Structure formats: structure tokens, C-alpha cells
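Data first, discussion second: the structure below is written as C-alpha cells.
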């Protein structure tokens with residue numbers, strides 16, 4: 001059996017990482033999706049336990065105190081994190097896992113699971129295109145949009161610490177590029193085991 005991997009997708013908001021992550025999960029139903037915990041309110045159409053584990057700020061802070069999170073971050077006034085028991089459950093069951101998290105969280109997962117984690121950075125074709133996508137998304141008020149744009153330089157600087165990169169200029173090509181990365185890491189594991 002292949003050693004399970006933790007495929008961690010990160011990108012600035014608006015780069016399509018969530019769309020790409022979900023496309024990869026459709027192509028690889030054998031993989032599990034890492035559902036993050038968050039203290040932010042649920043948006044319309046989001047499902048608790050599927051999109052996020054929506055928990056109170058008090059419960060989130062308690063999880064930080066007891067070390068129940070592999071990574072956590074405060075972003076735009078809300079807390080997001082990965083529950084350690086969810087990652088351990090996947091790895092112990094032999095399942096690879098797909099993560100859709102911010103860059104700092106990705107680097108934290110790599111520190112905790114250096115052998116299993118594969119960090120994949122999704123890049124925008126340009127800053128102008130990224131801003132255009134964020135504005136067209138219409139999920140942000142002007143203040144939230146401003147904060148997301150201000151965060152982009154820090155996120156782009158961190159990309160050098162990632163194992164792999166894919167530019168989302170064309171969504172279908174980006175999905176194919178990421179799928180090739182996933183297959184390559186899975187094949188490398190098979191080659192290593194057969195030697």
C-alpha cells in the first residue's frame with residue numbers, strides 16, 4: 001500500500017485553489033478532504049462538517065490551548081485551523097488528504113509532517129488578474145477586499161518554500177498540472193517501494 005500523502009494547496013484569495021482542490025478530489029475519490037475548523041460565521045450554502053467545522057471562538061481558543069490543532073491562523077479577524085485528530089485519522093487509515101489552507105498553515109503542516117506533506121502553491125497569472133477575480137467574486141465588502149489584496153505580497157513571498165507550483169491562467173490546464181503533480185508523488189512512492 002502507498003504511503004499516504006498530505007497534499008496541501010495554498011494561494012492568495014482568488015487564485016482558484018478551492019476549485020482546483022475540489023477538482024482533484026473528484027479525480028481521486030480515494031483521497032480525503034481536510035475540513036478546517038473556523039470561528040467565522042457560516043456563509044449561505046456552506047455545510048458544517050463539509051466546508052468547515054464551524055465552532056465558537058471559545059472552543060477554538062480551547063483547541064489552541066490543548067494542542068488539538070496542527071496549524072491555526074487568525075485571518076481577517078477570524079480563526080482557521082486544522083484539527084490534529086482529523087489528520088491522524090486519515091494517515092492511520094492509509095488515506096492521502098487534500099488541504100485548502102493559507103500559506104502559514106501549509107508551512108506548519110510541513111513542519112509537523114515533513115515526510116508526508118507536499119506543498120502546492122497556486123499562483124495567479126498576474127496581480128491585476130487576481131484583483132479582477134476578487135472584485136468579480138462579490139463575496140467581500142470593500143474593507144475585506146482591501147485586506148485580502150494587502151496580504152498578497154506576503155503570500156507570494158512564501159511560495160519559494162513550497163514543493164510545487166502551478167499557475168492558474170486556464171483552470172482546466174491548472175487542474176491537469178496539479179493532477180500530474182499528485183500522480184508524480186504517488187508514482188515516486190510506488191517506485192521507492194519497488195526498489
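The values are calculated or read from the model by the stated rules, or taken from the named source; none is laboratory data. The structure presented is a predicted model; accordingly, all values stated were derived computationally and were not measured. Note that each Cβ is placed from the backbone with ideal geometry, even for glycine, and that neighbours are counted across all protein chains shown.
Structure data summary
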| quantity | calculated |
| --- | --- |
| Residue that is modelled with the lowest pLDDT [pool: residues in region 88-112 that are assigned to a helix (DSSP H, G or I) and touching a helix residue (DSSP H, G or I) at 6+ places or on another chain (Cβ under 7 Å)] | 103 |
| Residue, farthest from residue 22 (Cα to Cα), within region 48-66, restricted to residues that are at pLDDT below 95 and either exposed (fewer than 11 other Cβ atoms within 10 Å of the Cβ) or out of contact with any strand residue (DSSP E or B) (no Cβ under 8 Å at 6 or more places or on another chain) (or both) | 49 |
| Number of the exception - residue 35 against (1) crowded, with 24+ Cβ neighbours inside 10 Å; (2) in contact with a strand residue (DSSP E or B) (Cβ under 7 Å, 6 or more places away or on another chain); (3) assigned to a loop (DSSP other than H, G, I, E, B) | (1) |
| Residues that are in contact with a strand residue (DSSP E or B) (Cβ under 9 Å, 6 or more places away or on another chain) and either part of a loop (DSSP other than H, G, I, E, B) or surrounded by fewer than 11 Cβ atoms within 10 Å (Cβ to Cβ) (or both), drawn from region 125-159 | 125 |
| Condition met for residue 115 (out of contact with any helix residue (DSSP H, G or I) (no Cβ under 9 Å at 6 or more places or on another chain) and part of a loop (DSSP other than H, G, I, E, B)) | yes |
| Counted residues, region 3-25 - those being farther than 20 Å from residue 117 by Cβ, in a helix (DSSP H, G or I) and touching a strand residue (DSSP E or B) at 6+ places or on another chain (Cβ under 7 Å) | 0 |
| Residue pairs meeting the criteria (Cβ under 8 Å; at least 6 apart or on separate chains; first touching a residue at least 40 places away in the same chain (Cβ under 8 Å), in region 39-60; second in a loop (DSSP other than H, G, I, E, B) and surrounded by fewer than 10 Cβ atoms within 10 Å (Cβ to Cβ)) | 39/56 |
| Residues of region 68-84 satisfying the condition of being modelled with pLDDT under 95 and either part of a loop (DSSP other than H, G, I, E, B) or surrounded by fewer than 13 Cβ atoms within 10 Å (Cβ to Cβ) (or both) | 74, 76, 77 |
| Flag for residue 166 being farther than 29 Å from residue 85 by Cα, touching a helix residue (DSSP H, G or I) at 6+ places or on another chain (Cβ under 9 Å), at pLDDT 85 or above and assigned to a helix (DSSP H, G or I) | no |
| Conditions (1) touching a strand residue (DSSP E or B) at 6+ places or on another chain (Cβ under 6 Å); (2) surrounded by fewer than 17 Cβ atoms within 10 Å (Cβ to Cβ); number of the one not met by residue 28 | (1) |
